[in-house]
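We did not get these values from a lab; they are worked out from the coordinates using the rules stated. For clarity, every value in this text was computed on a predicted model and none was experimentally measured. Counting neighbours? That spans all protein chains shown, and the Cβs are built from the backbone with ideal geometry, glycine included.
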Amino acid sequence: MSFTIKTVGIIGAGQMGNGIAHVCALAGYDVLLHDASLERLENGIATISGNMARQVASGKLAEEARIASLALIKPAKTMADLAPCDLVIEAATENEAIKKQIFAQVCPHLHSNAILATNTSSISITRLAATTDRPERFIGIHFMNPVPVMKLVELIRGIATEEPTFAVAQDFVQKLGKTITVSADFPAFIVNRILLPMINEAIYTLYEGVGTVDAIDTAMKLGANHPMGPLQLADFIGLDTCLSIMQVLYEGLSDSKYRPCPLLVKYVEAGWLGRKTGRGFYDYRGDEPVPTR
């Protein structure tokens, strides 16, 4: 398999999907952005436009480049519209059943050489690949959030991923101006294998009354020089995503040290998912975030 990626399809126009579309367009790729919801698709493209405008305002992007990049992003209203893509990246919610359903729907529309990738932050690449018609052309390309800002991308091969697939994916990520780290196909890979247990432990520290939200975040910002406290970061990631990753670690590694904190479960059950819902470990509905505990 030897070909050049020209058109990139992205499934999911949320925070991760629109961020991936943003950097792909800036790198000169034609982008087809799809979402099951037309409203989310329109909002995703509007978000990209707004984020690029902020880059222009800060002097990080020329206005001409903004206009040219936006012109490369087209909405794909159906899965069939992704047929011209050389690479399709799934960037849906961190739910294995939903991802498998997406792959089942999109595979019949892709040409035989197209590479299929997932932006999963924790789920087995091998297991996801096995549900497709192209496990040898399936790979994990895990972008960090927010995609336009964060430099790192994790590349993860499944057991069936062929070397040419990895080489094409590596070249693609490098052309985006990102730095690659290669992870083995273990639950949560490298970044979240380390990061999420730390966040979960911070939630246990809150749950057990060791400190308040403000005390815990202040301690880690000033005591460990973290740019953002772990509870604030959890809200930014999304508490539902944090819980999903901890469940993958707990179930995949069968080790009690990865047991999700009951308080995290309770917040997710309440619909307090962080910044995206207006409430998590902080309440974002006022002028300034206020700790909820």
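Find the relative contact order for the chain and round it to a whole percent, using C-alpha pairs within less than 8 Å whose residues are 6+ positions apart. Before the final figure, lay out the partial values.
Values: 524 pairs, mean separation 39.1, N = 293.
It rounds to 13 percent for the chain.
Measure nothing but the geometry: give the 0 to 90° angle between the long axis through the Cα atoms of 96-106 and the longest principal axis through the Cα atoms of the chain, rounded to 10°.
Once rounded, the angle reads 10 degrees.
Helix 213-223 versus the longest principal axis of the chain: what angle, 0 to 90°, nearest 10, using Cα atoms?
Taking Cα atoms only, the helix is inclined about 70 degrees.
Counting residues in the stretch 192-286 as N, plug N into 2.2 N^0.38 Å and put the Cα Rg over that result. Provide the component values of the computation, followed by the final result.
Values: Rg = 12.6 Å, N = 95, 2.2 N^0.38 = 12.4 Å.
The stretch 192-286 yields a ratio of 1.01.
Starting from the 7 Å offset along Cα-to-Cβ, what nm value, one decimal, do you get for the label separation of E136 and Q105?
Calculated label separation equals 2.9 nm.
Which value in nm describes the separation of the simple spin-label points at F3 and A224, placed 7 Å from the Cα toward the beta carbon?
4.5 nm
Run lengths n ≥ 4 of DSSP H only: what is the helix-derived mean residue ellipticity at 222 nm for the chain, with -39500 (n - 2.57) per run over all residues, to the nearest 500? Each step should come with its number before you reach the end.
Working: 11 runs with 130 residues, N = 293.
Calculated at 222 nm, the ellipticity per residue is -13500 deg cm²/dmol.
So what's the gap between the Cα centers of the stretch 187-207 and the stretch 115-173, to the nearest angstrom?
Cα centres, the stretch 187-207 to the stretch 115-173: 22 Å.
Cross-link list K74/K178; K178/K257; K77/K175; K100/K151: which exceed 25 angstrom alpha carbon to alpha carbon?
Values: K74/K178 23 Å; K178/K257 32 Å; K77/K175 27 Å; K100/K151 28 Å.
K178/K257; K77/K175; K100/K151, as the Cα separations exceed 25 Å there.
Evaluate E = 1/(1 + (r/R0)^6) for A215 and A57, where r is the Cβ-Cβ distance and R0 equals 22 Å; express this FRET efficiency to the nearest 0.05. Provide the component values of the computation, followed by the final result.
Values: r = 36 Å, r/R0 = 1.64.
With R0 = 22 Å, the Cβ-Cβ based efficiency is 0.05.
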